[in-house]
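Structure, as structure tokens:
The values are calculated or read from the model by the stated rules, or taken from the named source; none is laboratory data. Given the structure is predicted, the values throughout are model-derived calculations rather than measurements. In this analysis, Cβ positions are derived from the backbone assuming ideal geometry, glycine residues included, and neighbour counts consider all displayed protein chains. In case anyone asks, the SASA skips ligands and DNA or RNA and just uses the protein heavy atoms, side chains included. Shrake-Rupley method; radii C 1.70, N 1.55, O 1.52, S 1.80 Å.
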Amino acid sequence: MPPKSSDAVAAAQPRLLLVDDDADILALLVRYLGANGCKTATAASAAQARATVAAGGIDLVLLDLGLPDEDGLSLLRHLQTQWRGPVIVVSGRGEAVDRVVGLELGADDYVAKPFDLRELLARVRSVLRRAAAPAPAAECLAFEGFRLDLSARRLTDATGAEIALTTGEFQLLRALLQRPQQVLSRDELMTALHGREAGPYDRTIDVAIGRLRRKIEADPAAPGLIKAVRGAGYLFAAAVSAR
């Protein structure tokens, strides 16, 4: 498997891959992000994006969904299985279904076009900051036969088999495991994932919880680990030990 993003995500000049077939938007983002401390590479197609990511050195991908050679959601699925670095979807397809599908596939954030450049930069910095956050003092958190290695960002089951986690899934699971038996509000969980509070109609957390349940629950339809608390948020119900 190709490496994840560069270990230099916390460096002064992170390298972003901008994937969009609109040359004017690419030029605008290159100028603005470059003026604000980011190095950039560009790709006008999914094929170019795959090749650039495979070559290494990319810290974050800004991905448009409307590409000429492949649907952007298909490329997002590829990135989350073969690269797993942070991805922000930046798309004119702002319908709720596309937003939900993008988040279900593991996007770390979703920004609809037209966007405010300052807001986009803030989202980029927030995702990079969370991706580069140092691990807590405890190296591993264990629950119900699972083991989450906080330094390696690696989840294994009782047999030792690895369960692939996206950046967002890792951050969400870590937030839940660090406060077991406590109700965490959607705003608290949204802050852990995206560095901002949830809007009144924002389903980001519910989508992310559903995706995580499918990876760790014996029966995702009747979850025993991550429980919803009506009108309050979510609670991690299992005992957690630090190792």
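Using just its DSSP H runs of length 4 or more, each adding -39500 (n - 2.57), the chain gives a mean residue ellipticity at 222 nm of -11500 deg cm²/dmol after division by all residues. Net charge in the neighbourhood of ASP20 (other residues with Cβ under 12 Å of its Cβ; Lys, Arg +1, Asp, Glu -1) is -3. Taking 0.36 nm per residue of separation and subtracting the current Cα-Cα distance, fully stretching the chain between GLN182 and LYS227 would add 15.1 nm. Calculated from the structure, Rg/Rh (Cα atoms, Kirkwood Rh) equals which of [x] 1.01; [y] 0.96; [z] 1.33? Identified label for the calculated read-out: [y]. To put it simply, the accessible area of the chain at a 1.4 Å probe is 51 percent carbon and sulfur.
May I ask you to list the residues of segment 74-88 whose amide nitrogen lies under 15 Å from a point 7 Å from Cα along the Cα→beta-carbon direction of PHE115? Flagged as within label range: 76, 86-88.
The count of lysine pairs in the chain that are at least 8 places apart or cross chains, and whose C-alpha atoms lie under 23 Å apart, stands at 4.
Calculated accessible area for the chain comes out at 45 Å² per residue, all protein chains present (probe 1.4 Å; ligands, DNA, RNA ignored).
Against the criterion of solvent-accessible heavy-atom surface with a 1.4 angstrom probe, GLU188, GLU70 sort, most first, into GLU188, GLU70.
Suppose a student asked you for the relative contact order of the chain, using Cα pairs under 8 Å spaced at least 6 residues apart; what percent would you report? Reported relative contact order: 15 percent. The slack between ASN36 and SER241, meaning 0.36 nm per residue of separation minus the straight C-alpha distance, is 69.6 nm. Its Cα centre serving as origin, the chain has a Cβ charge dipole (Lys and Arg +1, Asp and Glu -1) of approximately 680 debye.
Comparing ARG50, ARG203, ARG214 in a Gaussian network model of the chain, where Cα atoms under 10 Å apart are tied by springs, the biggest mean-square fluctuation is seen for ARG214.
Its relative contact order, with pairs defined as Cα atoms under 8 Å and 6+ residues apart, puts segment 29-118 at 24 percent. Between ALA158, THR42, LEU105, the Cα set farthest toward the positive side of the dipole of the chain (charges on each charged residue's Cβ, about the Cα centre) is that of ALA158.
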